[in-house]
1. Tell me which residues come under 5 Å, amide H to amide H, from residue 209 once H is placed; ignore anything under 5 positions away on its chain.
2. Leaving out ligands and nucleic acids, and using a 1.4 Å probe, what accessible area per residue does the chain come to in Å²?
3. Calculate what fraction, in whole %, of the accessible area of the chain sits on carbon and sulfur atoms when a 1.4 Å probe is rolled over the protein chains.
4. Given (1) 70; (2) 53; (3) 59, which label gives percent of Cα pairs over 27 Å apart as computed from the coordinates?
5. Which of the lysines could be linked to residue 261 by a straight reach, that is with a Cα gap under 27 Å, when you skip same-chain ones fewer than 8 residues away?
6. Could you tell me the extents of region 158-290's C-alpha atoms along the three principal axes, largest first, rounded to whole Å?
7. Placing +1 at every Lys and Arg Cβ and -1 at every Asp and Glu Cβ, with all other atoms neutral, what dipole size does the chain have around its Cα centre, in debye to the nearest 20?
8. Over the Cα atoms of region 38-86, how large are the radius of gyration and the largest Cα-Cα distance (Dmax), in Å?
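The values are calculated or read from the model by the stated rules, or taken from the named source; none is laboratory data. Given the structure is predicted, the values throughout are model-derived calculations rather than measurements. For neighbour counting, all protein chains shown are included, and Cβ atoms are generated from backbone atoms with ideal geometry for every residue, glycine included. Heads up: the accessible areas ignore ligands, DNA and RNA and are worked out on the full protein's heavy atoms, side chains in. Shrake-Rupley method; radii C 1.70, N 1.55, O 1.52, S 1.80 Å.
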Amino acid sequence: MTDMASLMEDRAAGSDAANMRKPVDWDSAEITRNVKKRYAAERRFKTYGLVAILLALSALLMLGYSIVSKGYSAFVQTYVQLEVTFDPAVIDPDGTRDPAVIGRANFDALIKEALRKQFPDVTSRSEKRKLYDIVSSGASYDLRERVMETPSLIGQTRKVWLIAGDDFDMLNKGYISADTKESSRRLDDDQISWFQALTDSGAIEKRFHTRFFTNGDSREPELAGIWGAAVGSFYTLFVTLILSFPIGVAAAIYLEEFAPKNRLTQIIEVNINNLAAVPSIVFGLLGLELYLNVMHLPRSAPVVGGLTLALMTLPTIIIAARAAIKAVPPSIRQAALGLGASPVQTVSHHVLPLAMPGILTGTIIGMAQALGETAPLLMIGMVAFIVDIPGSAMDAATVLPVQIYLWADSPERAFVEKTSAAIMVLLAFLILMNGLAVFLRKKFERKW
């Protein structure tokens with residue numbers, strides 16, 4: 001043993017001596033080369049990250065530019081000024097001023113008469129039909145409302161601004177060019193010359209398109225609006241919220257504070273986490289079978305959409321609520337229990353209020369996800385063409401994402417700008433909801 005120890009000491013001494021004989025040359029070519037390689041690898045890594053961020057920003061900017069450049073023009077609408085004679089023989093032949101009689105009058109005939117007076121050279125039937133397209137078919141409803149509000153207009157001749165047809169609106173906005181070959185555009189040379197004559201006389205004007213925010217859907221692009229879809233989205237999200245929030249928070253409290261830690265609980269927790277990753281179309285199929293085929297709830301109703309989206313949103317709320325509850329320090333629970341509070345009092349008086357900012361943040365993010373969902377709502381029939389504004393959660397309705405889908409599938413050029421404008425409105429709602437979530441988190445955040 002003595003010899004072995006001596007040998008090891010000699011080797012160690014030899015190794016130390018060798019190291020002492022060969023000091024590290026930090027300026028050697030090999031070490032300099034290795035250092036350069038390490039710095040180069042670090043620069044490459046930073047470059048890859050920067051390129052990834054630039055690519056993401058470029059894609060985001062391209063998407064934003066594409067949407068805004070196509071959609072901003074939908075917020076204005078072309079109007080035509082015509083000199084309309086409110087002929088008593090057409091509106092109120094008996095002079096009774098009865099609203100029912102006025103409501104049944106043919107106001108479309110007054111508009112056609114005004115157009116014929118404006119262009120007396122147009123005589124043939126086919127030319128007149130093309131001339132009448134300058135004014136939208138919905139303009140007669142404007143005249144009716146005007147006369148219903150002011151019956152004294154009957155018998156007078158007034159200059160009235162009326163909404164233009166969608167093709168002439170596209171012409172005025174530059175989406176239809178007069179330089180294009182006549183056979184390749186929706187307006188012929190005569191229609192363009194008539195419109196140009198109105199423009200030269202100052203009878204054409206662009207105005208803010210309030211109908212886009214106040215009307216429901218329509219086959220006529222110039223009359224179509226998002227209000228019906230917005231109200232449908234409100235009812236759908238309201239049903240989703242009142243179902244998913246209390247159920248999700250209650251489930252999170254039980255799993256985090258009261259549930260025994262056994263295999264069954266673990267299985268439930270794993271399945272909740274897995275449900276958050278299930279494609280939304282699966283929840284649509286479940287809603288179709290459960291709510292429509294079994295429970296026979298009304299098709300296309302926001303209540304069914306809300307029930308379906310609640311199933312989809314529940315895992316998100318449960319996971320967020322559990323994370324927020326878990327973040328509350330155990331010392332707060334121990335202090336409350338030590339002062340004599342029951343477990344329920346500890347949770348309701350201390351844990352839940354402290355976890356509420358995180359719970360609300362997760363809930364708002366879940367609601368934002370539900371607001372942008374389309375696939376599950378297509379499965380339960382909320383893709384129908386619905387003109388009326390829903391009055392309750394049981395009425396047939398559609399939602400903003402589905403409205404965008406419907407307009408994107410329409411062939412008219414005017415629906416392209418409507419689609420982009422509706423996307424801008426939807427994105428504004430989503431940004432607002434996410435901003436609210438960030439605000440709540442920052443304002444009520446507690447650091448332990």
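1. 76, 77
2. I get 56 Å² per residue for the chain.
3. 61 percent
4. After the calculation, the listed value that fits is (1).
5. 326
6. Taking the Cα atoms of region 158-290, the three principal extents are 82, 37, 24 Å.
7. Values: 45 positive and 45 negative charges, 308 e Å.
In total the dipole reaches around 1480 debye.
8. Every Cα atom of region 38-86 included, Rg and Dmax give 24.2, 86 Å.
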